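Peer 1: To start, I am sharing the structure in question, which I have written as structure tokens.
We did not get these values from a lab; they are worked out from the coordinates using the rules stated. Keep in mind that this is a model prediction, so the values were computed, not measured. Ideal geometry is used to build each Cβ from the backbone, glycine not excepted, and the neighbour counts take in all protein chains shown.
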Amino acid sequence: MFCGKRIIALCTSRVYDDQVNEFITALNGYIVEKGYRLFIYSINNDMYWEEQNINAGTAVYSLIDYDITDAVVIMDEKIKSRIVSDGIAAAARSHGIPVLMVDGSAENAVNICFDYEKGFENIVRHVMEVHHVRKPHFMAGLKDNPFSDARIGIFKRVIAEYGIEFNENMLSYGDFWAKPAAEAARRIIESGDLPDAVICANDIMAINVCGVFTENGIKVPEQVIVTGFDGIAEINLSSPKISSVQCGSIPMAKAVSDALTDCFENGVKEGLRPVLPMLVPNASCGCPGSETSFPDLGRMNSGLYRYQDDMRLMFNVAELIQMSNTPEMAAACMHNYLMDGVCCIVNKSCLCREKDYFAPGSGISKQKFEDDRVIFYDSYTNSYDIKFLEKGETVPDLQRMAEIPYPINFCALTYFDVPIGYICFSYHGCDMTDYAKVFQLTTSLGIGLGGFLTRRHQQYLSEKVEEVYKNDHLTGLLNRNGFFASLNKYIEDNSFYGQTVSIISADLDGLKSINDNFGHDAGDLAISTVAKALKESCPENSLCVRSGGDEMIALVFGEISAENIISGIVSRLEKFNENSGREYKVKASIGCFKEIFDGNFNFEKAAKIADEEMYKNKNTRKNRTD
């Protein structure tokens with residue numbers, strides 16, 4: 001329970017699909033009346049039952065908060081991965097939460113399934129009994145697919161009841177899809193032996209078989225009857241309308257709603273609850289046709305143009321995000337009407353540009369999100385500030401969202417099959433045009449944020465390479481290449497013209513003696529100690545360079561006290577000597593020269609004068625020592 005309401009977690013795929021959308025709309029309508037709330041966890045692509053197709057989008061299922069969830073509904077046939085569905089079910093059961101499997105079968109679950117076999121048997125019988133077909137042909141889906149094989153068995157059994165013996169010429173495979181079905185239809189025509197009817201395992205294949213027959217002058221249904229299965233919306237746009245079996249989303253949603261109530265009021269009753277698909281005879285088999293009306297073409301046309309405009313906008317947003325220099329700039333790019341009602345959460349490590357987020361072995365999990373996450377964008381506050389999400393939360397202010405009687409939807413953002421984060425959205429209504437945004441948003445934001453992270457890491461690497469190129473590895477000061485590159489920028493920026501520039505030259509005393517008596521490591525330490533003293537004694541914007549083996553120079557812009565800098569260097573070296581415990585002392589000779597900076601500034605000449613002052617200092621100190 002959450003905020004006094006039972007929370008139903010719906011795990012599915014492709015909420016923008018019309019059948020899934022219709023199911024969500026119907027289910028939400030049923031359960032809201034009972035005081036329940038629907039939280040949807042969706043992936044954008046189903047996985048066709050292959051383990052290698054399991055992708056990073058499935059990390060969204062790790063967001064289910066079992067502490068507030070009262071039941072989990074899994075649309076198994078939409079997700080199309082036994083491993084993923086079983087994993088969700090196991091997690092729910094471990095928390096003592098009932099599992100309802102839609103169009104699937106699992107142990108210790110309420111399995112609510114269309115009786116596909118009975119539905120398919122009904123359309124085969126309809127063709128054989130009502131239309132008296134004697135030469136039937138079955139176009140199956142994929143070879144060795146359980147759905148396809150089951151329907152082949154039904155086809156064989158039913159035609160045998162009508163005294164027809166099956167042979168292999170009666171069977172072809174259309175892979176449940178358009179192009180393979182069209183190719184199979186052409187082979188039927190090329191065989192020269194047209195059947196009386198082509199009974200297809202789904203509607204997509206039936207629509208394409210009709211198209212190929214019509215192109216080749218074969219009349220449907222006068223010469224060949226064609227039927228489908230599933231009852232998708234497109235059968236009403238086909239000419240002729242396709243006879244099919246409708247696996248209705250609304251009856252399924254009603255069955256799920258009733259099963260939920262039964263679970264809560266009477267306890268979980270595991271086992272099978274069948275839902276019978278409805279036979280929909282239409283013109284493609286010679287029947288008068290159903291009363292199903294054509295979709296509103298004006299609305300469809302408007303939706304299409306809106307979809308195109310939205311796609312252009314989101315791809316533009318993706319480009320702007322990729323070109324952003326900071327997370328705050330990237331978040332600001334998301335501010336547009338398509339992001340209304342959307343909250344974007346990303347893994348905390350996305351803010352670390354030093355991390356190669358998509359490299360193999362990066363340690364990023366493919367199946368779940370990091371425990372530490374940040375609110376990257378929140379349309380409800382219109383804030384571009386990046387804020388930490390509280391531990392254990394999936395979104396900010398979930399209580400407010402749960403009060404709205406519309407589904408709360410979660411969908412992962414991925415890039416290179418790595419989960420970056422996720423979006424949460426709640427549209428006020430279940431309009432198909434709104435749910436069509438989901439694929440646009442997740443794809444565009446995934447590409448945009450993924451490109452942004454990659455570009456930021458590349459910039460970091462470039463800076464590190466440049467740092468190696470321009471800095472001396474021993475002292476950390478600029479090397480000569482880095483120094484002159486930086487100096488040229490000052491020369492090109494005439495805003496520094498007219499300022500005083502101080503050239504301070506520092507040279508380590510007695511390097512040869514230290515090397516000879518204590519080793520080169522001791523000499524390196526002495527050099528780096530002088531360099532550190534020089535850098536720390538100069539203002540931050542100073543250019544400090546290691547100009548030779550034990551020689552360092554600093555350029556300091558503006559009115560400064562060179563005497564204070566020199567005394568700072570001496571003081572830091574004395575402090576080092578007091579605390580180092582070494583047998584030798586690190587000392588430096590220092591010289592200074594000042595002049596006015598302009599476009600004719602000659603560093604070599606200025607450095608030479610500063611060196612002369614430094615050598616005067618060195619000789620004076622040497623004479624004193626002698």
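Peer 1: Using 0.36 nm per residue, how much length does the chain from Tyr162 to Ser571 gain when fully extended, once their Cα-Cα distance is taken away? Show your work: numbers first, answer last.
Peer 2: On the way: separation 409, 0.36 × 409 = 147.24 nm, distance 10.80 nm.
Extra length from Tyr162 to Ser571 when fully extended: 136.4 nm.
Peer 1: For Cα pairs less than 8 Å apart in space and 6+ apart in sequence, what is the mean separation divided by the residue count of the range 434-572, i.e. the relative contact order in percent?
Peer 2: 26 percent
Peer 1: Let me ask something else about it. Compare the Cα positions of Ala90, Gln246, Leu389 along the charge dipole of the chain (+1 at Cβ of Lys, Arg; -1 at Cβ of Asp, Glu; about the Cα centre) and return the one farthest towards the positive end.
Peer 2: Leu389
Peer 1: Which is the longest stretch in the chain that no exposed loop site breaks, taking sites as trypsin sites (Lys or Arg not before Pro) with a DSSP loop state and at most 11 other Cβ atoms within 10 Å?
Peer 2: Here the longest segment lacking exposed loop sites spans 392-626.
Peer 1: Here are labelled values, [x] 1.22; [y] 1.02; [z] 1.27, and one is the computed Rg/Rh (Cα atoms, Kirkwood Rh) for what I pasted. Which one?
Peer 2: Matching the structure shown: [x].
Peer 1: With +1 on each Lys and Arg Cβ and -1 on each Asp and Glu Cβ, and nothing else charged, work out how big the dipole of the chain is about its Cα centre, in Debye to the nearest 20. Please report the intermediate quantities before stating the final value.
Peer 2: Values: 61 positive and 86 negative charges, 171 e Å.
About 820 debye.
Peer 1: Okay, moving on. Against the longest principal axis of the chain, how steep is helix 18-32, in degrees 0 to 90 to the nearest 10, with axes from Cα atoms?
Peer 2: Helix 18-32 and the main axis of the chain meet at about 90 degrees.
Peer 1: Suppose only helical runs count, i.e. DSSP H with n ≥ 4. What mean residue ellipticity at 222 nm does that imply for the chain under -39500 (n - 2.57) per run, divided by all residues and rounded to the nearest 500 deg cm²/dmol?
Peer 2: It lands at -13500 deg cm²/dmol.
Peer 1: Work from the charge dipole of the chain (Cβ charges, +1 for Lys and Arg, -1 for Asp and Glu, about the Cα centre) and give the residue of Asn541, Ile164, Asn236 farthest towards its positive end.
Peer 2: The residue sitting farthest along the positive end of the dipole is Asn541.
Peer 1: So, R0 is 30 Å and r is the distance between the beta-carbons of Asp521 and Val468; what FRET efficiency does that work out to, to 0.05?
Peer 2: Working: r = 22 Å, r/R0 = 0.73.
With R0 = 30 Å, the Cβ-Cβ based efficiency is 0.85.
Peer 1: In the range 96-241, with Lys and Arg counted as +1 and Asp and Glu as -1 at Cβ, which of these residues, Ala150, Phe114, Ile204, has the Cα nearest the positive end of the dipole, that is, farthest along it?
Peer 2: Ile204
Peer 1: Could you compute the FRET efficiency for Phe264 and Asp397, with r as their C-beta to C-beta distance and R0 at 25 Å, rounded to 0.05?
Peer 2: About 0.40, to the nearest 0.05.
Peer 1: What does the charge add up to near Gly568, with Lys and Arg as +1, Asp and Glu as -1, over the other residues with Cβ less than 13 Å from its Cβ? Please report the intermediate quantities before stating the final value.
Peer 2: Values: positive: Lys532, Lys535, Arg572, Lys575; negative: Glu536, Glu563, Glu574.
Taking every Cβ under 13 Å from that of Gly568, the sum is +1.
Peer 1: Oh, and also: Could you work out how far the C-alpha centroid of the range 204-278 sits from that of the range 57-133, in angstrom?
Peer 2: That distance is 16 Å.
Peer 1: Between helix 203-215 and the chain, what is the angle of the helix's C-alpha long axis to the longest principal axis, kept within 0 to 90° and rounded to the nearest 10?
Peer 2: 70 degrees
Peer 1: Which pairs in the list Lys135/Lys156; Lys387/Lys464; Lys470/Lys585; Lys470/Lys535 are over 18 Å apart, alpha-carbon to alpha-carbon?
Peer 2: Distance filter (> 18 Å) returns Lys387/Lys464; Lys470/Lys585.
Peer 1: So how far apart, in nm, are the two label points at Glu51 and Tyr380 if each is 7 Å from Cα heading toward Cβ?
Peer 2: 4.1 nm
Peer 1: Efficiency by 1/(1 + (r/R0)^6): what FRET value for Lys179 and Glu129, r their Cβ-Cβ distance, R0 = 30 Å, to the nearest 0.05?
Peer 2: 0.35
Peer 1: Spin-label point model (7 Å from Cα, Cβ direction): what's the Asn216 to Leu351 distance in nm?
Peer 2: So the two model labels end up 6.3 nm from each other.
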